[in-house]
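One structure below.
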Amino acid sequence: MGAKAEYEKLIRIGRPPNISQRFPHSQALIVSGKVIDQALVAKGKAMAIAANGRNSFIIRGALMAAQRADAALLIEIARSESNYCPTNFYNIALHVDCICNELGITVPVAIHADHYGIKSESDVPFAKMEIPSMFDAGITSIAVDASHMADDKNLLVNLELNPCIPKWAGLETEVGEIKGEQGLSTVEDASFLVKGLNAHGILPDWIALNNGSTHGLEASGQGIQVELTAEIHKALEPYGVSGAQHGTSGNNSDKLRAIATKTHTTKANVATALQMISWGVEVNDYGNAIQDSDGNFIKVAGQGVSEEMWQRMTTYAAEKGWKGGNYKNLNLPFENLLLAQERAIRERMSKRVEEFVYNMLTRVFNADGTATLAKELILQAGSFDLGSKGKQIENPQEWTRELIVERAKSLVVEKGPQGDFDD
């Protein structure tokens, strides 16, 4: 089969039904998150970048880098990011599809709804309505994040919402709210969540842990704790679940390589770093923004946004009292202004993202070549649905609602401090 005929077959069989319906004439290979995960497992000791598309320049640059590296990719947005970014659950697939068709991107890309946060049981009715609508809009993978709740409620919410999620879709679950060195996840609470889901035939592709990472700017602390992550992943091996690493910005390349090589992590979220890089902020070799002695970001001349636009952005931030990580709030009010810049400025913004992501994919995450592996998996399966890596092991009679509540009482869990730890 020639390359053209093979790609036509991939478009025909590899795209989930929601994508075929949403984009019936598209040549973009938008796939389930399961495809991305299993391609990275097939390569081994490799992680896919899950690029948080806070602006359109990030999405464009990440897709160009993935094409260049022959790397499978996830483009994602978190529920909290939808509050301060122009990208949201309902337009992110549109962005990806449009750019893939414009640029001739042929690598498999999953559209991931990250941190679909459930803070209390009162959030569940709305979630039951919204999640199917998100898939109608082109989402192909989702992270149900009820980690803010007690362990029994986290598990029970995951069980209650699962019927709203297509069986073919990528599925991430989370234990231990991401808050750095506080409230670290344990083998016990991670196993409780995965075993309870398994008993009911729910086999997540990924689990996210609080393994020492933070969202936003990582300026202090140990960062990701590799040995803890490896220990938890080892305990979960029988259940066929991979790791999802949150909060990569600010962890050096050696730390990220260790996560790729010493754990079962196949998905690594990159958010704040890509935002700063697209704007032209000076970053160190692993994407953490550099600040001067007054705590102000340093803009690289001739990179990212124009100097005039950067002045407007910093002035606006000062008026709003935004510093540090709160610069994320500039995304929404400035998107149209950034798009209004001349072509050369827009192109260099995306190009800077491309260079950074390409380096991460090829020199840190070991993800090059995984696009070809993903395509091979689809062709071998003859379907968009690769099924789950794991199998049901646990007895559902031992994981009834009553027994879940009772089992949770014996867990020794330190949740860490209260506060707003959203993306």
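The values are calculated or read from the model by the stated rules, or taken from the named source; none is laboratory data. Remember, it's a predicted structure, so these values are computed and weren't measured experimentally. Cβ: placed from backbone, ideal geometry, glycine included. Neighbour counts: every protein chain shown.
So residue 266 fits all but one of (1) closer than 19 Å to residue 71 by Cα; (2) surrounded by fewer than 24 Cβ atoms within 10 Å (Cβ to Cβ); what number is the exception?
(2)
Across region 127-167, what is the total count of residues that are more than 17 Å from residue 33 (Cβ to Cβ) and either of a type in the set (S, T, N, Q) or in contact with a strand residue (DSSP E or B) (Cβ under 6 Å, 6 or more places away or on another chain) (or both)?
Count: 3.
Quick check on this structure: which one of 367, 340, 371, 381 is of a type in the set (Gly, Ala, Ser) and in contact with a strand residue (DSSP E or B) (Cβ under 7 Å, 6 or more places away or on another chain)?
Numbers: 340 fails: in contact with a strand residue (DSSP E or B) (Cβ under 7 Å, 6 or more places away or on another chain); 371 fails: in contact with a strand residue (DSSP E or B) (Cβ under 7 Å, 6 or more places away or on another chain); 381 fails: in contact with a strand residue (DSSP E or B) (Cβ under 7 Å, 6 or more places away or on another chain).
Going through 367, 340, 371, 381 in turn, just one is of a type in the set (Gly, Ala, Ser) and in contact with a strand residue (DSSP E or B) (Cβ under 7 Å, 6 or more places away or on another chain): 367.
Considering 298, 290, which residue is in contact with a strand residue (DSSP E or B) (Cβ under 9 Å, 6 or more places away or on another chain), β-branched (Val, Ile, Thr), surrounded by fewer than 21 Cβ atoms within 10 Å (Cβ to Cβ) and under 30 Å from residue 262 (Cβ atoms)?
Numbers: 298 fails: under 30 Å from residue 262 (Cβ atoms).
Step by step, each of 298, 290 is checked, and only 290 is in contact with a strand residue (DSSP E or B) (Cβ under 9 Å, 6 or more places away or on another chain), β-branched (Val, Ile, Thr), surrounded by fewer than 21 Cβ atoms within 10 Å (Cβ to Cβ) and under 30 Å from residue 262 (Cβ atoms).
Can you go through 77, 49, 30 and tell me which one is under 30 Å from residue 127 (Cα atoms), in contact with a Lys or Arg (Cβ under 9 Å, 6 or more places away or on another chain) and without any contact (Cβ under 8 Å) to a residue 40 or more places away in the chain? Walk me through it before giving the result.
Numbers: 49 fails: without any contact (Cβ under 8 Å) to a residue 40 or more places away in the chain; 30 fails: without any contact (Cβ under 8 Å) to a residue 40 or more places away in the chain.
Exactly one residue qualifies, and that residue is 77.
Quick one: which residue in 71, 51, 113 is touching a Phe, Trp or Tyr at 6+ places or on another chain (Cβ under 9 Å), in a strand (DSSP E or B) and of a type in the set (A, V, I, L, M)? Full working, then the answer.
Numbers: 71 fails: in a strand (DSSP E or B); 51 fails: touching a Phe, Trp or Tyr at 6+ places or on another chain (Cβ under 9 Å).
Exactly one of 71, 51, 113 is touching a Phe, Trp or Tyr at 6+ places or on another chain (Cβ under 9 Å), in a strand (DSSP E or B) and of a type in the set (A, V, I, L, M), namely 113.
Please work out which one of (1) surrounded by 20 or more Cβ atoms within 10 Å (Cβ to Cβ); (2) touching a Phe, Trp or Tyr at 6+ places or on another chain (Cβ under 9 Å); (3) farther than 25 Å from residue 240 by Cβ is the condition residue 46 fails and give its number.
In the conditions (1) surrounded by 20 or more Cβ atoms within 10 Å (Cβ to Cβ); (2) touching a Phe, Trp or Tyr at 6+ places or on another chain (Cβ under 9 Å); (3) farther than 25 Å from residue 240 by Cβ, residue 46 misses (3) alone.
For residue 276, state whether it is assigned to a helix (DSSP H, G or I) and touching a strand residue (DSSP E or B) at 6+ places or on another chain (Cβ under 6 Å).
Numbers: assigned to a helix (DSSP H, G or I): yes; touching a strand residue (DSSP E or B) at 6+ places or on another chain (Cβ under 6 Å): yes.
Yes: the conditions hold for residue 276.
Testing residue 106 on (1) closer than 17 Å to residue 173 by Cα; (2) in a loop (DSSP other than H, G, I, E, B), one condition comes back false. Which one is that?
It is condition (1) that residue 106 fails.
Any residue in region 186-198 that is in a loop (DSSP other than H, G, I, E, B) and either at pLDDT 95 or above or surrounded by 24 or more Cβ atoms within 10 Å (Cβ to Cβ) (or both)?
Just the residues of region 186-198 that are in a loop (DSSP other than H, G, I, E, B), to begin with: 186.
Still in the running and either at pLDDT 95 or above or surrounded by 24 or more Cβ atoms within 10 Å (Cβ to Cβ) (or both): none.
Checked region 186-198: no residue is in a loop (DSSP other than H, G, I, E, B) and either at pLDDT 95 or above or surrounded by 24 or more Cβ atoms within 10 Å (Cβ to Cβ) (or both).
Out of all the residues in region 308-322, is one or more β-branched (Val, Ile, Thr) and within 30 Å of residue 258 (Cα to Cα)? Walk me through how you get there before you give the answer.
Of the residues in region 308-322, the ones β-branched (Val, Ile, Thr) are 314-315.
The next check asks that each one be within 30 Å of residue 258 (Cα to Cα); those that pass are none.
Looking for residues that are β-branched (Val, Ile, Thr) and within 30 Å of residue 258 (Cα to Cα), one finds none in region 308-322, hence no.
For region 83-97, give me each residue that is in a helix (DSSP H, G or I) and either touching a residue at least 12 places away in the same chain (Cβ under 8 Å) or under 14 Å from the mean Cα position of the chain (by Cα) (or both). Show your work before the answer.
Quick first cut of region 83-97, residues in a helix (DSSP H, G or I) only: 83, 92-97.
Passing the criteria: 92, 93, 94, 95, 96, 97.
Can you tell me which of (1) surrounded by fewer than 16 Cβ atoms within 10 Å (Cβ to Cβ); (2) at pLDDT 95 or above; (3) more than 25 Å from residue 165 (Cβ to Cβ) is the one residue 383 doesn't meet?
Among (1) surrounded by fewer than 16 Cβ atoms within 10 Å (Cβ to Cβ); (2) at pLDDT 95 or above; (3) more than 25 Å from residue 165 (Cβ to Cβ), residue 383 violates only (3).
Taking the condition outside any helix (DSSP H, G or I) and surrounded by fewer than 24 Cβ atoms within 10 Å (Cβ to Cβ), does residue 27 pass?
On the way: outside any helix (DSSP H, G or I): yes; surrounded by fewer than 24 Cβ atoms within 10 Å (Cβ to Cβ): yes.
Yes, satisfied.
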